[in-house]
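The values are calculated or read from the model by the stated rules, or taken from the named source; none is laboratory data. These numbers come from a predicted model, not from an experiment. Positions of Cβ are backbone-derived with ideal geometry, glycine not excepted, and every protein chain shown enters the neighbour counts. Protein only, heavy atoms only, side chains kept; ligands, DNA and RNA dropped before computing areas. Shrake-Rupley method; radii C 1.70, N 1.55, O 1.52, S 1.80 Å.
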Number of protein chains: 2
Amino acid sequence: MTTVRILISSKEGVFDPEGKVVQSGLERLGYAGVARVRVGKVIELELDATGDELADQVASMCSAFLVNPVIEDYSFEVVEA
Amino acid sequence: MTTVRILISSKEGVFDPEGKVVQSGLERLGYAGVARVRVGKVIELELDATGDELADQVASMCSAFLVNPVIEDYSFEVVEA
């Protein structure tokens, strides 16, 4: 099994209310110099595939189900093969 | 400014309903061999710090606000210095 980490975040320019809340919360707690906070999702899963087959399967799962391509971008990395 | 990516996931053993939903959804769509799905959060932010100061600031923000240490673990990486 291969462990894959998929990172999903809203596209540049799409409003990210959760990011705004985190940023203002940090400022209120006294953390200065915090900028451009974006909150997204991380999905870790194990797949029974490797190499190109793995990449194809992750791309297919993301476009079919996990990611909204209108407002979200994703990337993935293999954590453990 | 340094761009930091904080990965927050529920601890091993903590029930992850969102992960279960994603896993059963993928199975229903015909993706076989998907296991151990965990859904977490990723927070990307820019900080005006580097090195040890950066690590201290991220650890402080996580323990004070971003992470629930009872049920969540976190890790972070510098994306862009």
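Numbers at a glance
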| quantity | calculated |
| --- | --- |
| For the axis carrying chain B to chain A: nearest C-beta residue of B, whole Å | B:Val42, 2 |
| Heavy-atom accessible area order for B:Thr2, A:Thr50, largest first, 1.4 Å probe | A:Thr50, B:Thr2 |
| Theoretical FRET efficiency, 1/(1+(r/R0)^6), r = Cβ-Cβ of A:Val70 and B:Leu29, R0 22 Å, to 0.05 | 0.65 |
| Anisotropy class of the protein assembly as shown from Cα gyration tensor, a/c 1.5 cut | prolate |
| Inter-copy separations for B:Met1, label at 7 Å along Cα-Cβ, nm, ascending | 3.9 |
| Accessible area, probe 1.4 Å, largest first, for residues B:Tyr74, B:Tyr31 | B:Tyr74, B:Tyr31 |
| Karplus-derived 3J(HN,Hα), 6.51/-1.76/1.60, for each residue of region A:64-74, Hz, glycine and proline x | 7, 8, 7, 10, 8, x, 6, 10, 10, 10, 9 |
| For the pair B and A, total buried accessible area rounded to nearest 100 Å², probe 1.4 Å | 2600 Å² |
| Top positive-direction residue, dipole computed over chain B with Cβ charges, set B:Leu7, B:Ile71, B:Ala32 | B:Ala32 |
| Square roots of 5 times each gyration tensor eigenvalue, C-alpha, chain B, largest first, Å | 31, 15, 8 |
| Test item: B:48-55 mean partner chain Cβ contacts at 10 Å | 1 |
| Under-5 Å amide H pairs with A:Ala49, H placed in peptide plane, nonlocal only | A:Thr2 |
| Within chain B, GluC sites (Glu not before Pro) in DSSP loop having at most 15 other beta-carbon neighbours inside 10 Å | B:Glu12 |
| Where chain B is the region considered: accessible area per residue in Å², 1.4 Å probe | 55 Å² |
| Separation of the B:Ala81 and B:Val21 label points, Cα + 7 Å toward Cβ, nm | 4.0 nm |
| Principal-axis tilt of helix B:51-61 within chain B, Cα atoms, nearest 10 degrees | 60 degrees |
| For B:Gly30, inter-copy label distances in nm, listed shortest first [label point 7 Å out on the Cα-Cβ vector] | 5.7 |
| Acute angle (nearest 10 degrees) that the helix B:17-28 long axis makes with the longest principal axis of chain B, alpha-carbon atoms | 40 degrees |
